[in-house]
Structures are given as C-alpha cells and as structure tokens.
Amino acid sequence: MPINGVALTAVASGSILIWSGIKGWNLTQTVGEVITGKVPTGSNVNLLTAPNSGGGGGANSAIGFTNSQVANDALQYAGHAYSFGGAPGKNGTNPWDCSSFVNWVVGHDLHGAIPGYGPGQYDGSVHGPPTGSWAVWPGMAHISASQVQAGDIIVWAGHMGIAVNNQEMISALNSRLGTKVTPIAGNGNGPLLAYGRLK
C-alpha cells in the first residue's frame, strides 16, 4: 500500500503545531528545530507565552493577586449578558463569551497576563485569546481535578470558566443563561483540556 503524502504532511504539520504550542515556541522556530535538531533559544517566544513579570514565579506572580481574588472578581459578573465572540468593550458592559469573560477578569480587572498579552495589556476592546490558547499557555500550571480551588481556570475544547470552589465555576454559558455559577462537572463543551492555576 503506497503512503499518502498529503495525509503524512497533514499529520506532520499538526504535530509541529501541537509541539510548538506545548513548548511555547513560535512556529518558525519549531520548524527550525525539526530541520536542524537544535532547541530554539533567545527571542523565539510564541505569542501565547506571556512575559515573566519578575520574581521567578510566573507571568502573574509579581502582580500580587491571589486565586481567591480571581474568583471573587469573577463572581461579581453573575448575570452578565452572553454573545458568542463578544468583546467586553473598554468599560466591560458589552456581552461576552466564555473566553472573553476570563480574559476580562484576569487581563483587565486584575491586570494579569493572559495568552498573548503581558500584565495589564488587555483592555477589552477586542475579544482576546480564545479558549484553546488558554489550554496550551505556559502562564498557567496544569493541575489535577482533585487540586482545583477557587480562582483556577477550567478549559474544555469549547468552553472555559473560573472555579469558585472545587465543585463549582462561573462562566459565560449562552445567550439564554448568560454568566452563571454552575457545577464544574457536566458543564463543559467537548473534551476537557486542562485544569489550570495561574502562575
């Protein structure tokens, strides 16, 4: 049976994209690594990688917010309107979706780093990073389900939310329900990608 070159190329390309996301490298540097066998160094940072703000503790460690502050800030938005692909706007009053809600809380309200944005750079004028970018972002440490606590980020392939305790989360669900606290279990969309804690 002959090898299908198109299928082989698609698999290789997909593998390179996934590897670059996992490693936090940009695609050009990852291709360079595959070709030369060298590990990218220096300024080969992927847009998903937030700059470290100092202190060695990750992108948000020097900002000074805690997980409980993330949860408490998120809870004030219960009842906020939903719109798929919506951007909060600079005043945060426009309808949002699940990822732009998390972007608003972490990036705007708490002035933290989010995928593709350094600390305090996200202003809500655009949607910001989608759900999938949070799952591979190195600014969030992956944890187990048993470790989830208030302020952790839960990411599915098609949904995300902010834990308010180890059993519940707040998320922007849909245009009928808006932003609401629900059980974590059973309220995702697609495969679970990550339980994460901001670094």
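The numbers here are math on the coordinates, done by the rules we state, and not lab data. In this text the structure is predicted, and so the values were computed from the model without any measurement. Don't worry about glycine lacking a Cβ; one is built from the backbone with ideal geometry, like all the others, and counts go over all protein chains shown.
Please list, ordered by residue number, the strands (runs of 3 or more DSSP E) wholly in the range 79-170 having 3 or more residues that are surrounded by fewer than 24 Cβ atoms within 10 Å (Cβ to Cβ).
Hits in the range 79-170: 140-143.
So K180 fits all but one of (1) more than 15 Å from the chain's Cα centre (by Cα); (2) in a helix (DSSP H, G or I); what number is the exception?
It fails just one condition, (2).
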